[in-house]
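Where a number appears in this text, it was derived from the coordinates with a stated rule and is not lab data. Just so we're clear, the structure is a prediction, and the values are computed from it rather than from any experiment. Here the Cβ is made from the backbone with ideal geometry for all residues, glycine too, and neighbour counts use every protein chain on show.
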Amino acid sequence: MGVHEIRQLLARRDLEGVLAATEAYLPGKPGDATRRNNLSGCRVFLRWAFETGESVSAPTDNLGAAYLAFLQHKHPDTPASVINRLAHARNLYTALQHPEVGLAVSDPFAAVEAPSNDPALHKQAYTVEEIERMLIHGGAQGQALVLLGAHAGLTGPEVAALEWRDMAFGGGVLSVRGREVPTGAALHAALEAHAHRQGVTRLFGGEGRVFPELDNDHLIRGVLFGICRQANVPYQAWRALRNHAGLRMLKLTHDESQVARYLGLSTLKAVKFIQRAVDKGMGQSPDAASSEAVSPASR
């Protein structure tokens, strides 16, 4: 098959046709696990490119970064999956450039750095500046969501299950799965604004879920992804908000046990990863621990 035929297949968005034309030039042998994994990864990339309107034969400078963002959104907790899928997409471009295929195309992933699979390095955290930009672009709902992660340190499922009755604003705390999580002025104000949008006029004693339309972790991550795009902030998944909260508390208290209780962690292992990430400069900015950070013991 020549370059004219492969360009026609790409123009028609013939996914299986493109795979059939390039399979022989992918890593592995016919039928083995390496070849099957590469075909699967190439299929994911081609489907994404065709659905988003990205040109495979004439890739934009942003294609590699956009696909990386898509993978990180799809696999927020498994960096190995992101690394493998990026490798598969790179291998597809190597196959397209093979002399027997002959497509003269640059590799859009040449300058894309895959995420590290080191647990400490993978402990990413949004910076204070990024959080501020997200709050500007988030609207009432988005501001409440972002601060529940970045200030209160809640998980995605905890946010999805949160009800108005879980909030005791007189004591400045949220009641989440048996633990009390402190709130600060910024989170209180954001929740109050969101409450009025939801028709809840009195926070204490309100009924129902705080985000009734977001009933699972996937939908919450989708909202966060949209906020990041609007704010021009690199998407780092929900856990990066929790890590931001952990960084704030760790800098304030220097007490790993207290941070573990604050985040609802059963062991110190995850906090030690956060500490290692701090040592490597993750999520750092001059004002990373603002005065909004509140110690549970200080309440």
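Odds and ends about this structure:
- Counting only residues that are of a type in the set (Ser, Thr, Tyr), closer than 27 Å to Pro99 by Cα and within 20 Å of the chain's Cα centre (by Cα), the range 23-80 holds 1 of them.
The rows are residues; the columns are (1) over 27 Å from Asp217 (Cβ atoms); (2) in contact (Cβ under 8 Å) with a residue 60 or more places away in the chain; (3) in contact with a Phe, Trp or Tyr (Cβ under 8 Å, 6 or more places away or on another chain); (4) among the hydroxyl-bearing types (Ser, Thr, Tyr).
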residue: Leu9; (1), (2), (3), (4): yes, no, no, no
residue: Ala20; (1), (2), (3), (4): yes, no, no, no
residue: Pro30; (1), (2), (3), (4): yes, no, no, no
residue: Leu68; (1), (2), (3), (4): no, no, no, no
residue: His75; (1), (2), (3), (4): no, no, no, no
residue: Thr78; (1), (2), (3), (4): no, no, no, yes
residue: Leu86; (1), (2), (3), (4): no, no, yes, no
residue: Val101; (1), (2), (3), (4): yes, yes, yes, no
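- Selection from the range 126-149 of residues that are farther than 19 Å from Ala195 by Cβ, in contact (Cβ under 8 Å) with a residue 60 or more places away in the chain and of a type outside the set (Lys, Arg): Tyr126, Thr127, Val128, Glu129, Glu130, Ile131, Met134, Ile136, His137
- Test: residue in the range 61-71 that is out of contact with any Cys (no Cβ under 6 Å at 6 or more places or on another chain) and either at positive phi or among the aromatic types (Phe, Trp, Tyr) (or both): yes
- Among residues of the range 216-240 that are over 15 Å from Ala125 (Cα atoms) and touching a residue at least 12 places away in the same chain (Cβ under 8 Å), those with a beta-carbon under 7 Å from a residue that is β-branched (Val, Ile, Thr) and surrounded by fewer than 20 Cβ atoms within 10 Å (Cβ to Cβ) at least six positions away or on a different chain give the pairs Ala231/Ile136.
- Ala58 falls short on exactly one of the conditions (1) surrounded by 17 or more Cβ atoms within 10 Å (Cβ to Cβ); (2) under 17 Å from Ala110 (Cα atoms), and that condition is (1).
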